[in-house]
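Just below is one structure, and these are the notes that go with it.
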Amino acid sequence: MTPLLWSLFLVPLVGVAVLTGVPVILMVERRGSAWLQRRTGPNRVGPFGLLQPMADAIKMVFKEENQPARASKFLFIFAPVLAILPPIVGFSMIPIAQPFTINGESFAVQIVKSDLSFLFLLAITSLHVFAVLIAGWASNNKFSLMGALRAGSQMISYEVAIGLCLVSLVVSYGTLNLSEIVTLQGAGSRLAFWGFFMQPLVFLIMWVSVFAECNRLPFDLPEGETELVAGYHTEYSGLKFGLFFLGEYAAMYLASALMATVFLGGYNIPFVSPDQLVSFVEGLGLYGDQATWVASALSAVSFAAKVFFFMFVFVWVRWTLPRFRYDQLVGLGWKVLLPLATINLIGTMIFSFLQKGAY
Amino acid sequence: MTGAETLLPLLAMLGFASLVAGGALFVGRFLGPRNLEGVKIQPYECGVTVSGNARDKVSVKYYLIAILFLLFDLEVAFLLPLAIAWDEMIALGWITMGLTGFFLFYFVLSLWFEYRSGALEWEKS
């Protein structure tokens, strides 16, 4: 097995994992919201209502796909495709588990091993705004267009803060390579613990911005039901709507995975370095390559736990905070997060200069 | 790590995502009923008779936000190469800090100017 073959083998694995993760979080969201509001939630289909997302999917497949007469036909069909591409492709940059060996050769559990993976990931995710804008424009519906305009300016407002956060992170990590960033956070490496403790302010700014980028409450103004029906996907039904839905939840997964990778040490288990994990597994009676396989699987579980923590907070916040007003949203992005990110960047640069520079 | 080892998996991932999207469009086209006519294909406006076209003039505020985004994102793009080479740059000493400070001074100045001129206000009171 060559590294290239292994990467190609990972592609359907990761893709299917993301697509099956969506119904899981959907169920967590519906039962979780019911739990937070002291309701029962869907509990009829299958044991504890666990098959509800399947029933929804089947219903969605057999629904009629609406296409308004005045819509731009090609763009109307193209927009849902564009909504699903960026979140799935972005997952190819995420290091999912620690490297394992086959016959002494090391294999990284990451589809695209690039030195620019962090930058590329942000570039890919920022393409999501085009899907929203195209959908709103192509529908030729007032609600859709308003929703798309709101979504567009909301996403680009918070993009600037994320960009400045990226610069701060690069100054302190010294690299754009996500797998190197994860290695640095491992026990026994330069940082020795989670990046969150190195850049807490960036963590906060990024987290808030991620909510806005994913159009989640408290920033779900693009589809505020009481004002805009369903925002940019008002005219979509059937599987075209399904693609938007899937793309939105996959984008949440991607954002959670990015936050976990950059701030919570990725696949690292706290206080345990990858080598220690391997020797721990060897202590259980496995040797050589097989020990690295099991250690790799364990680190993947650690990564999944961190991702699900962020996913749960997405759900939790949705049912806890009310929606912002639009001027508050734009004000928060430009007048609070952007100056904060700038101050943090200046502080990071001065600190790093005093620590390592020649003066 | 060769170029093909980076690019091929990326293209494969893109192919996988396109397959999902194309499959969904294909399946949705043929499995559901298709009876598009009459009032159903009019733009949805809460059941009221449709009036006018959606593609009308929109508020200038959205354009303003987009222009501000372009300006600031360009500055971020200029900062990024500096950040990547930061460790080598600060080895040069005060000259790096001076030039970076000069650039960031203008960044902060422009932000302050826009704040004071009210460009960042959504609703002018």
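Structural remarks
- Residues of segment A:93-120 satisfying the condition of being closer than 30 Å to A:TYR287 by Cα, of a type in the set (Gly, Ala, Ser) and buried (at least 21 other Cβ atoms within 10 Å of the Cβ): A:ALA97
- The helices (runs of 4 or more DSSP H) found entirely in segment B:59-125 that carry 1 or more residues being among the small types (Gly, Ala, Ser) and open to solvent by less than 60 Å² (accessible area, probe 1.4 Å) are B:60-84, B:94-117.
- Taken together, A:ALA108, A:ALA71, A:ALA79 contain a single residue that is part of a loop (DSSP other than H, G, I, E, B), within 11 Å of chain B (Cβ to nearest Cβ) and of a type in the set (Gly, Ala, Ser), which is A:ALA71.
- Among the residues of segment B:27-55, the one identified as surrounded by fewer than 13 Cβ atoms within 10 Å (Cβ to Cβ), touching a helix residue (DSSP H, G or I) at 6+ places or on another chain (Cβ under 9 Å) and closer than 16 Å to A:ASN66 by Cβ is B:CYS46.
- Options A:LEU36, A:LEU51: the member that is under 26 Å from B:ARG29 (Cα atoms), of a type outside the set (Phe, Trp, Tyr) and surrounded by fewer than 18 Cβ atoms within 10 Å (Cβ to Cβ): A:LEU51
- Residues satisfying the stated conditions in segment B:1-26, i.e. open to solvent by 40 Å² or more (accessible area, probe 1.4 Å) and either under 22 Å from A:PHE245 (Cα atoms) or at pLDDT 80 or above (or both): B:LEU7, B:LEU8, B:LEU11, B:LEU14, B:SER18, B:LEU19, B:PHE26
- Residue in segment A:125-144 that is without any contact (Cβ under 8 Å) to a residue 12 or more places away in the chain and closer than 23 Å to B:LEU64 by Cβ present: yes
- Some residue of segment A:244-254 being touching an Asp or Glu at 6+ places or on another chain (Cβ under 8 Å), closer than 27 Å to A:VAL22 by Cβ, in contact (Cβ under 8 Å) with a residue 60 or more places away in the chain and not in a helix (DSSP H, G or I): no
- Residue, nearest to B:TRP112 (Cα to Cα), within segment A:344-354, restricted to residues that are at the interface with chain B (Cβ under 9 Å from one of its Cβ atoms) and surrounded by fewer than 20 Cβ atoms within 10 Å (Cβ to Cβ): A:ILE346
- Considering the conditions (1) within 18 Å of A:PRO218 (Cβ to Cβ); (2) free of Cβ contacts under 8 Å to residues at least 24 places away in the same chain, A:ALA304 is excluded by exactly one of them, (1).
- Sole residue being facing another protein chain (nearest Cβ under 9 Å), open to solvent by less than 20 Å² (accessible area, probe 1.4 Å) and part of a helix (DSSP H, G or I), chosen from A:LEU169, A:LEU149: A:LEU169
- Of all the criteria given as (1) surrounded by fewer than 17 Cβ atoms within 10 Å (Cβ to Cβ); (2) touching a Cys at 6+ places or on another chain (Cβ under 8 Å), the one not satisfied by A:ALA341 is (1).
- Among the residues of segment A:315-334, those that are open to solvent by 60 Å² or more (accessible area, probe 1.4 Å) and either in a helix (DSSP H, G or I) or out of contact with any Ser or Thr (no Cβ under 9 Å at 6 or more places or on another chain) (or both) comprise A:TRP316, A:ARG318, A:THR320, A:LEU321, A:PRO322, A:PHE324, A:ARG325, A:GLN328.
- Filtering segment A:261-299 to residues that are assigned to a loop (DSSP other than H, G, I, E, B) and among the hydrophobic types (A, V, I, L, M, F, W, C) leaves A:LEU264, A:PHE271, A:LEU284, A:LEU286.
- Search result, residues across segment A:186-217 that are part of a loop (DSSP other than H, G, I, E, B) and open to solvent by less than 50 Å² (accessible area, probe 1.4 Å): A:GLY186, A:ALA187, A:SER189, A:LEU191, A:ALA192, A:GLN199, A:CYS214, A:ASN215, A:ARG216, A:LEU217
The values are calculated or read from the model by the stated rules, or taken from the named source; none is laboratory data. As the structure is a prediction and not an experimental result, all values here were calculated from the model. We place every Cβ from the backbone using ideal geometry, glycine too, and count neighbours over all the protein chains shown. With ligands, DNA and RNA removed, areas are computed over all heavy atoms of the protein, side chains included. Shrake-Rupley method; radii C 1.70, N 1.55, O 1.52, S 1.80 Å.
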